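Colleague: Let me give you the structure first, and then I'll get to my questions.
The values are calculated or read from the model by the stated rules, or taken from the named source; none is laboratory data. Being a predicted model, the structure only gives us computed values, none of them experimental. Methodologically, a virtual Cβ is constructed for each residue, glycine included, from the backbone with ideal geometry; neighbour enumeration extends over all protein chains shown. For accessibility, only protein heavy atoms count, side chains too; no ligands or nucleic acids. Shrake-Rupley method; radii C 1.70, N 1.55, O 1.52, S 1.80 Å.
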Amino acid sequence: MPSFLIYRLPGENSVCKCRFTAMLPQSLEYEIVSVVPWYDCSFRNDSVMDVATVSTPQDVYLDNVGRLVKKLRMRGGKSVLCRQICGTFKDFNLESIIRDYFSLFPDMFCFCFYHPSSGYWMGATPELLLESISGNVAITRALAGTKKHGVGEWSSKNTEEHQIVIDDMVKRISEVNGDIEIKTMPTYDFHYQNIDHLCTPIHLKTLDCKFEISKIINAIHPTAAVGGFPQAEALRDIKLYEDVRRHCYGGLIDIKRDDSRVVYVMLRCVHFDNEKWAIYTGSGITAGSSPEDEWIETADKATPLLKILEKYS
């Protein structure tokens with residue numbers, strides 16, 4: 001089967017289908033549509049990303065998060081860990097699965113793609129990395145902190161985690177070019193089906209003729225919302241405490257349309273073939289995290305996608 005990408009931008013009714021070029025993370029050249037896997041992964045035609053078959057055991061996850069929390073209490077910062085929920089299909093129908101999932105999220109960036117080395121990946125992500133509005137104006141957003149929709153107030157753990165993401169993104173962007181004007185907008189509750197996130201839009205404007213978009217992308221990805229902070233330590237934590245291979249989870253989909261460009265992070269996603277599937281779901285771990293609460297958060301994030309897949313399993 002040839003490579004393809006099907007996607008729908010937030011608020012649009014039409015679904016776009018096109019061929020795409022898989023790019024390595026280190027590349028500074030982007031095609032009209034490119035898909036970039038997680039930072040330490042690549043698309044290779046001589047290898048295949050096998051779909052996982054074993055869900056992350058709860059006791060393993062709780063132990064890993066508990067050990068990480070102890071480290072963060074001494075070091076500070078944040079690290080993002082993900083886990084897998086795996087299953088098998090009884091009635092595989094690609095078109096129906098895509099239609100069912102896309103219909104749940106009219107206001108999210110929905111995608112499904114296939115590459116010979118990756119298999120199928122599908123998701124509905126809230127994580128906008130960057131959108132260029134014009135040659136010298138762009139927006140991004142800090143999205144971190146999670147609670148059930150409409151339930152309770154935001155905890156100090158969530159607000160502190162969110163502030164880490166804001167501060168880190170602003171710092172990294174300012175280091176790209178000192179002429180970029182950075183304006184953080186008011187924080188609001190971002191609704192995603194059964195959960196809410198804290199969201200802070202960040203507006204960017206440069207006095208130069210245009211942004212060096214690729215430099216900004218490379219500077220802020222992976223953000224503290226996807227990897228953690230400080231970045232180097234967080235990425236080491238992921239390798240040490242995460243029991244899964246991320247493959248495309250946390251990677252990028254980069255789309256150029258006319259004079260605009262929009263880049264989303266691949267989250268709330270599933271890796272699958274015509275027999276089995278593996279959902280990826282993660283959360284930000286800080287010194288104030290409870291392992292049990294983080295397990296519940298990852299379950300809440302996976303619930304909409306899990307309900308769709310169970311219809312066909």
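Colleague: Let me make sure I get this right: for the stretch 254-300, a, b and c are the square roots of the gyration tensor eigenvalues over alpha carbons, sorted descending. Under 1.5 in a/c it's rounded, otherwise prolate if a/b > b/c, else oblate. Which is it?
Modeller: Cα axes put the stretch 254-300 in the oblate bin.
Colleague: Would you kindly work out the equivalent ellipsoid of the stretch 103-170 from its C-alpha gyration tensor and give its semi-axes, the square roots of five times the eigenvalues, largest first in whole Å?
Modeller: 27, 20, 13
Colleague: Still on this model: Measuring from label point to label point, each 7 Å out along Cα→Cβ, what is the Phe89 to Asn177 span in nm?
Modeller: 4.4
Colleague: Using protein chains only and a probe of 1.4 angstrom, how many square angstrom of Lys215 are accessible, to the nearest 10?
Modeller: 110
Colleague: A further question follows. What is the Cα radius of gyration of the stretch 190-313 over 2.2 N^0.38 Å, N being its residue count? Before the final figure, lay out the partial values.
Modeller: Numbers: Rg = 17.0 Å, N = 124, 2.2 N^0.38 = 13.7 Å.
In units of the 2.2 N^0.38 Å rule of thumb, it is 1.24.
Colleague: Among all lysine pairs in the stretch 57-161 that are eight or more places apart or on different chains, how many have alpha carbons less than 26 angstrom apart?
Modeller: Pairs that pass both the separation and distance tests number 11.
Colleague: Take the Cα atoms of the stretch 149-238, find their three principal axes, and give me the spread along each one in whole Å, biggest first.
Modeller: Over the stretch 149-238, Cα extents along the principal axes are 45, 32, 22 Å.
Colleague: According to the square roots a ≥ b ≥ c of the eigenvalues of the Cα gyration tensor, what is the shape class of the stretch 61-207, taking rounded for a/c under 1.5, prolate for a/b larger than b/c otherwise, and oblate for the remainder?
Modeller: The shape class here is oblate.
Colleague: If you don't mind, there's one more thing I want to ask. Let me know the charge dipole size of the chain about its Cα centre in debye, to the nearest 20, where only the beta-carbon of Lys, Arg (+1) and Asp, Glu (-1) is charged. All intermediate terms of the calculation are to be shown ahead of the outcome.
Modeller: Numbers: 35 positive and 41 negative charges, 35 e Å.
Around 160 debye, computed over the chain.
Colleague: Quote to one decimal, in nm, the extra length available between Ser214 and Val137 on full extension: 0.36 nm per residue of separation minus the C-alpha distance between them.
Modeller: 26.3 nm
Colleague: Take the solvent-accessible surface of the protein heavy atoms, probe 1.4 Å, and return the percent of it on the chain that carbon and sulfur atoms account for.
Modeller: Carbon and sulfur together cover 50 percent of it.
Colleague: Separation between the Ser260 and Trp154 pseudo-spin-labels, each 7 Å from Cα along Cα→Cβ, expressed in nm?
Modeller: Placing both labels 7 Å beyond Cα along the Cβ direction yields 2.6 nm.
Colleague: Can you give me the P(r) profile for the stretch 61-140? Cα pairs, bins 5 angstrom wide beginning at 0, each as a whole percent.
Modeller: Percent of Cα pairs in each bin: 3, 10, 12, 14, 14, 14, 14, 12, 6, 2, 0.
Colleague: Taking the stretch 135-190, how much of its Cα-Cα pair set, in percent, is spaced more than 20 angstrom apart?
Modeller: Within the stretch 135-190, distances greater than 20 Å cover 34 percent of Cα pairs.
Colleague: Work out, step by step, the length gained on full extension between Lys205 and Asp63: first 0.36 nm times the residue separation, then minus their alpha carbon distance; give nm to one decimal.
Modeller: 46.7 nm
Colleague: Right, another one. In square angstrom, what is the accessible area per residue of the chain with a 1.4 angstrom probe?
Modeller: Value returned for the chain: 44 Å² of accessible area per residue.
Colleague: Calculate for the chain the 222 nm mean residue ellipticity that helices alone would give, adding -39,500 (n - 2.57) per DSSP H run of length 4 or more and normalising by residue count, nearest 500 deg cm²/dmol.
Modeller: -9500 deg cm²/dmol
Colleague: Still on this model: Let me know the charge dipole size of the stretch 223-296 about its Cα centre in debye, to the nearest 20, where only the beta-carbon of Lys, Arg (+1) and Asp, Glu (-1) is charged.
Modeller: Roughly 300 debye, rounded to the nearest 20.
Colleague: To check my understanding: the extent here is largest minus smallest coordinate of the Cα atoms along each principal axis. What are those three numbers for the chain, in Å, largest first?
Modeller: Here the Cα extents, ordered largest to smallest, are 56, 46, 39 Å.
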